[in-house]
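Taking it in order: structure first as structure tokens, then the write-up.
The values are calculated or read from the model by the stated rules, or taken from the named source; none is laboratory data. Every value quoted in this text rests on a predicted model; they were computed, and no experiment measured them. Using ideal geometry, Cβ is built from the backbone for each residue, glycine included, and neighbour counts are taken over all protein chains shown.
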Amino acid sequence: MTRDRDPAGRPRNARPRDSLGRPLDRGRAAESETRIPDDLALAGADAAALADQLLRAGRPFHAHEVLEASWKSGPPRERDLWQGLAQVAVGLTHAHRGNARGAVALLRRGAQRVRAYQGQAASPTDRDHPYGIEIRAFLAASDDLAVRIERNGLAGIPAADLRPGLVTALG
């Protein structure tokens, strides 16, 4: 089987995916979720808002794709922020899929990377609230979730705890 490629010849996986990003058989495309475009380019605040919406909707795999696009297209000084947030989203994806070990590893790895960003941020606003992101609350939720999953597994984790908000809730 030949691999899917974009117009520039880079490998792409055009296979349909379910709501948690798991590949479906090509014949099940009608059941698949809308994909995040490979060439997505959003300004920081727009990327944060879309990722927040996807996380709150229980679609962390799709939030990861948005955050990954920001890490690849954003300024180098923000790489740890976006990459860390994407890794936390992958951790949440693992939790939704029932993979406790993968969830704990990625939740912690992502939080560590976001903290690396905080350590080199130019200002308190950049450090704690870039693009409206509530870093302290998001990291606290990620850390707490990792501890609870490691201690007790995924059974008993409320669904709401796997849908953390990323930005300040409006309202």
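Any idea which of (1) free of Cβ contacts under 8 Å to residues at least 40 places away in the same chain; (2) on the phi > 0 side of the Ramachandran plot; (3) of a type outside the set (A, V, I, L, M, F, W, C) is the one residue 58 doesn't satisfy?
It is condition (1) that residue 58 fails.
For region 154-171, give me each residue that is loosely packed, with under 15 Cβ neighbours inside 10 Å and either within 15 Å of residue 128 (Cα to Cα) or touching a residue at least 24 places away in the same chain (Cβ under 8 Å) (or both).
159, 168
Among the candidates 57, 51, 69, 63, which residue alone is more than 11 Å from residue 110 (Cα to Cα) and surrounded by fewer than 19 Cβ atoms within 10 Å (Cβ to Cβ)? Explain how you work it out, then say what you get.
Details: 51 fails: surrounded by fewer than 19 Cβ atoms within 10 Å (Cβ to Cβ); 69 fails: surrounded by fewer than 19 Cβ atoms within 10 Å (Cβ to Cβ); 63 fails: surrounded by fewer than 19 Cβ atoms within 10 Å (Cβ to Cβ).
Answer to the selection: 57.
Among the residues of region 137-153, is there at least one that is buried (at least 17 other Cβ atoms within 10 Å of the Cβ), touching a residue at least 60 places away in the same chain (Cβ under 8 Å) and in contact with a helix residue (DSSP H, G or I) (Cβ under 8 Å, 6 or more places away or on another chain)?
If we filter region 137-153 for residues that are buried (at least 17 other Cβ atoms within 10 Å of the Cβ), which is where we start, we get 138-139, 141-142, 145-146, 149.
Remaining after also requiring touching a residue at least 60 places away in the same chain (Cβ under 8 Å): none.
No.
Just the residues that are modelled with pLDDT under 95 and closer than 19 Å to residue 163 by Cβ, please, taken from region 99-132.
132
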